[in-house]
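Structure, as structure tokens:
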Amino acid sequence: MINNKIIILAIISLGVSQLAHSAEDDFTFEEDVKVYSPTKLNQSLHDTPASVTVITHKDIKKLGLKNIAEVMRLVPGMAVGVTTGNNYQLAYLNPSIGATRRMQVLIDGMSIYRAGFSRIQWANIPVHINDIEQIEVTRSPSSSAYGSNSFEAVINIITKHPGDNQGTYAEIYGGSINTKEAYIGHGGTLRDTNYHFTISHKENDGYDKRDDGENRRDETDLDSFNLRATTQFENAVFDYQVTAVKGVLTLNNSDPARISNSDQYVEDYSVNLNYDHSLNANHSIKFHLDSVDGKHEEEWTTSYLALLFTDEMRAMHLANPSYASTILAGGMPSGGSAADDQLAQAVFIRAAGMTNPGALDNVVGEINEDLRERRTTFSIEDTYVFSDSVRAVTGIGLDYNELESQTFIGGEASFTKYFAFSNLEYSFSDFVLNAGVMIEKEDEVINDTLVSPRLALNYHLSQNDTFRFIVSKAYRTPDYMEQSRNWNYTMTGITPAIDGTTTEALFYFQASATNTLEPEEILSKEISYYGVFPSIKSSIDVKVFHIDSDNLIAQKLSFFNYNPDNLTNSKRRGGELEFHITPYSYLEATLGYSYLDCEANHQFEDSSLCSRHSGFANTSYKFDNDLTLTAAYYVSDNISGLPYHRTDFVVNKATKVGSTIIDGSLIVRHYSEDHGFTVNETTMIQNIYDDNTHFFAELGVKF
């Protein structure tokens with residue numbers, strides 16, 4: 001259960017409210033919050049077909065958060081698992097350690113989800129946290145608006161508009177675990193164009209040790225660039241964004257025969273173009289084009305038996321893996337076909353003839369897990385207001401994906417997804433009806449046509465009280481790696497050369513996909529209440545849900561154990577609470593809680609990230625000298641088998657000298673436990689800090 005720290009924070013909030021304060025309106029309370037993400041229509045939270053968590057730039061700043069994945073701890077029901085210091089696994093109401101592949105993440109409408117390899121690279125998201133205006137998290141299946149991998153939730157990161165982000169801001173940040181960050185941003189205007197660009201650098205050492213005492217190699221060293229600009233025409237806006245991220249993420253390589261560890265060299269680029277044209281007061285059309293190019297290089301030195309790089313041994317494994325395993329164990333295989341016996345005989349003859357190196361001598365060489373993934377998305381959206389009661393957005397588009405990896409797919413591949421969607425909002429009497437549907441067709445990966453509907457009825461009990469009733473069905477198509485993987489390792493620079501001449505050869509073992517997987521399915525039923533109480537400046541969102549998921553692909557796909565199937569199903573039931581209160585202009589507090597009951601026929605869908613109780617609480621007080629104190633507490637009773645408790649204290653002071661603003665923060669962060677993550681069905685590794693209390697300082701200047 002969540003302990004008494006949340007209650008203590010609430011008592012602190014009430015007690016500190018009696019202290020001296022300024023009459024300045026420091027914290028504001030919005031009675032009618034508007035969001036875009038659930039339906040691609042600007043809507044009040046009273047009209048949305050889902051519960052939506054809105055996290056603003058001010059929230060992020062006062063809490064001293066510098067990492068987008070860590071910001072997600074402010075979302076009820078979101079499990080944030082830290083596999084290493086530079087790698088996260090996030091899951092919304094989904095205990096699977098691979099659940100990130102079931103969420104959509106957007107930056108200003110551009111998806112950063114890597115559909116080919118089912119990844120979101122949280123460490124190198126191409127936007128600095130200082131440039132975020134707000135984050136909208138739709139806590140409900142949203143395939144009807146965003147497609148098949150919006151299976152659980154949609155995280156929409158909205159950056160500051162260049163017109164509202166003028167001037168120059170520089171910041172340095174550093175502290176424990178050798179954290180060093182630098183940021184400089186500048187915004188200006190050229191005729192009808194507002195622009196803002198950012199250059200930033202971040203590095204840290206990650207965790208100190210594993211539970212086996214080995215040093216944890218999980219350092220981060222990244223540089224990034226982001227430019228966003230908007231050009232205003234008479235009846236249109238052209239919004240364009242360019243990003244680049246380059247650097248190194250160090251890794252603890254899992255190859256048991258490695259001689260050297262590997263580092264992942266990251267090089268990611270993106271272009272995001274949006275042209276929004278207003279035809280008249282009730283009708284607009286939007287053209288969207290984005291292109292993402294991600295290149296990751298990872299190479300290391302390893303050593304294996306020379307026999308494992310012969311054509312004969314590979315042919316034996318591909319024909320009869322059991323025979324190959326028996327031979328490598330020193331036994332004589334039997335029980336197979338005559339062809340299997342003939343291949344086994346060829347292996348023995350080949351082994352007997354190998355000298356310098358011999359069959360059982362080790363050779364040394366380089367292997368890699370290099371990959372490149374490029375995606376281009378084009379869409380057209382038409383938004384029309386039919387009347388005061390009816391409006392709709394309809395769109396069509398395509399995603400074109402290109403993959404390159406000699407290791408994972410044996411070369412190059414491409415696939416295209418075509419989609420069409422529509423979301424209708426109809427208001428009548430005290431009700432709002434939201435009806436949405438997405439139709440998708442993919443080639444190569446899966447040939448089915450998927451239809452993802454959502455229907456929601458909102459009842460306005462009063463102007464400030466709304467009940468939502470929501471039913472949605474969503475799909476997640478298997479990614480290319482799950483469906484069509486051809487996983488091989490090629491060793492280069494083999495020393496000594498096999499037969500005196502061969503310095504490059506394939507490893508005998510191969511992991512191949514069967515190309516028979518079906519889409520994962522989810523059926524979600526939700527009832528929620530959203531209430532706003534202007535008299536005490538507070539709001540509450542309470543939700544209960546029942547989710548059935550079928551055809552789940554639960555396995556962790558490892559090289560020597562690659563057997564994905566659709567045999568897993570799960571049921572999840574529970575409730576969520578999100579509460580905000582700003583009783584005074586100098587005091588505000590937020591509370592979030594989630595109860596989740598998981599039931600599944602596979603461990604990874606039943607317990608990996610299934611926290612029965614999780615939540616957060618924070619409170620901020622602003623004194624009359626622009627000094628802000630914030631206390632925050634984050635808790636989860638199960639992150640891959642271990643509880644998570646963290647307490648943060650943040651002191652922020654802003655000073656204005658002429659037209660220059662100097663802003664400084666001190667952050668104290670205390671972890672109550674080490675952090676664990678599950679690496680397979682039976683093994684859990686803990687990440688350990690030498691000191692569980694961390695200190696950070698931040699200094700920024702705006703002029």
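The values are calculated or read from the model by the stated rules, or taken from the named source; none is laboratory data. Because the structure is a prediction, the values reported are computed rather than measured. A quick note on method: Cβ atoms are made from the backbone with ideal geometry, for glycine too, and the neighbour counts reach across all protein chains shown.
Numerical summary
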item	result
Residue match in the stretch 387-406 (condition: without any contact (Cβ under 8 Å) to a residue 12 or more places away in the chain, out of contact with any strand residue (DSSP E or B) (no Cβ under 6 Å at 6 or more places or on another chain) and over 22 Å from D268 (Cβ atoms))	yes
Residues of the stretch 584-615 satisfying the condition of being in contact with a Ser or Thr (Cβ under 7 Å, 6 or more places away or on another chain), over 13 Å from A79 (Cβ atoms) and in a strand (DSSP E or B)	Y584, L587, E588, A589, E599, A600
Options F579, F616: the member that is buried (at least 20 other Cβ atoms within 10 Å of the Cβ), modelled with pLDDT of 90 or more and farther than 30 Å from N447 by Cβ	F616
Hey, G500 assigned to a strand (DSSP E or B), on the phi > 0 side of the Ramachandran plot, in contact (Cβ under 8 Å) with a residue 40 or more places away in the chain and of a type in the set (G, A, S) or not	no
Hey, R485 in contact with a helix residue (DSSP H, G or I) (Cβ under 6 Å, 6 or more places away or on another chain) and not aromatic (F, W, Y) or not	no
Per-region count, the stretch 464-489, residues within 19 Å of D548 (Cα to Cα), at pLDDT 95 or above and of a type in the set (V, I, T)	2
Odd one out for F533, checked against (1) of a type in the set (F, W, Y); (2) closer than 23 Å to G410 by Cα; (3) surrounded by fewer than 21 Cβ atoms within 10 Å (Cβ to Cβ)	(2)
Check on I527, within 20 Å of C598 (Cβ to Cβ), crowded, with 22+ Cβ neighbours inside 10 Å and of a type in the set (V, I, T)	no
Which listed residue is assigned to a loop (DSSP other than H, G, I, E, B) and within 25 Å of the chain's Cα centre (by Cα), from F408, F419	F408
Residue among S427, S387 that is modelled with pLDDT of 95 or more, over 24 Å from the mean Cα position of the chain (by Cα) and outside any strand (DSSP E or B)	S387
The listed residue being hydrophobic (A, V, I, L, M, F, W, C), in a strand (DSSP E or B) and within 25 Å of the chain's Cα centre (by Cα), out of V544, V532	V544
Residues that are more than 15 Å from E366 (Cα to Cα) and either in contact with a Gly (Cβ under 9 Å, 6 or more places away or on another chain) or not in a strand (DSSP E or B) (or both), drawn from the stretch 272-312	N272, N274, A281, N282, K286, H288, D290, L307, T310, D311, E312
Filtered residue count, the stretch 103-121, keeping only those that are aliphatic (A, V, I, L, M) and outside any loop (DSSP other than H, G, I, E, B)	5
Residue identified as at pLDDT 95 or above and under 22 Å from the mean Cα position of the chain (by Cα) among K202, K295, K286	K202
Count - residues of the stretch 257-286 that are among the aliphatic types (A, V, I, L, M), buried (at least 16 other Cβ atoms within 10 Å of the Cβ) and within 15 Å of E234 (Cα to Cα)	1
Lone unmet requirement of (1) closer than 21 Å to T501 by Cβ; (2) touching a residue at least 12 places away in the same chain (Cβ under 8 Å); (3) more than 40 Å from the chain's Cα centre (by Cα) for G353	(2)
Scan of the stretch 322-340 for residues that are in a loop (DSSP other than H, G, I, E, B) and more than 16 Å from Y508 (Cα to Cα), ordered by number	G330, G331, M332, P333, S334, G335, G336, S337
Subset of the stretch 241-256 (residues that are surrounded by 18 or more Cβ atoms within 10 Å (Cβ to Cβ) and either modelled with pLDDT of 95 or more or within 12 Å of P126 (Cα to Cα) (or both))	Q241, T243, V245, G247
The listed residue being in a strand (DSSP E or B), touching a Leu at 6+ places or on another chain (Cβ under 9 Å) and basic (K, R), out of R350, R372	R372
Residues of the stretch 461-489 that turn out to be under 23 Å from V393 (Cα atoms) and surrounded by fewer than 23 Cβ atoms within 10 Å (Cβ to Cβ), as a count	3
Candidates I112, I125, I120, I155, filtered to the one that is within 30 Å of N486 (Cα to Cα), out of contact with any His (no Cβ under 8 Å at 6 or more places or on another chain), among the β-branched types (V, I, T) and buried (at least 24 other Cβ atoms within 10 Å of the Cβ)	I112
N86 surrounded by 24 or more Cβ atoms within 10 Å (Cβ to Cβ) and either on the phi < 0 side of the Ramachandran plot or of a type outside the set (S, T, N, Q) (or both)	yes
Looking only at the stretch 168-213, and only at residues there that are among the basic types (K, R) and surrounded by 16 or more Cβ atoms within 10 Å (Cβ to Cβ), the one that is farthest from Q241 (Cα to Cα)	R210
Per-region count, the stretch 458-486, residues out of contact with any strand residue (DSSP E or B) (no Cβ under 8 Å at 6 or more places or on another chain) and polar (S, T, N, Q)	3
Unmet criterion (only one of (1) within 21 Å of A505 (Cα to Cα); (2) at pLDDT 95 or above) for F419	(1)
Filter pass, Q134 being modelled with pLDDT under 85 and either closer than 24 Å to E181 by Cα or not basic (K, R) (or both)	no
Looking only at the stretch 628-664, and only at residues there that are buried (at least 21 other Cβ atoms within 10 Å of the Cβ) and among the small types (G, A, S), the one that is modelled with the lowest pLDDT	S640
Residues located in the stretch 650-669, provided they are within 26 Å of the chain's Cα centre (by Cα) and more than 16 Å from K58 (Cα to Cα)	V668, R669
Close pairs (8 angstrom Cβ cut-off, 6 or more residues apart or separate chains): without any contact (Cβ under 8 Å) to a residue 60 or more places away in the chain and within 16 Å of D443 (Cβ to Cβ) in the stretch 472-492, surrounded by fewer than 23 Cβ atoms within 10 Å (Cβ to Cβ) and small (G, A, S) anywhere	Q483/A513
Per-region count, the stretch 135-193, residues in a strand (DSSP E or B) and in contact with a strand residue (DSSP E or B) (Cβ under 7 Å, 6 or more places away or on another chain)	31
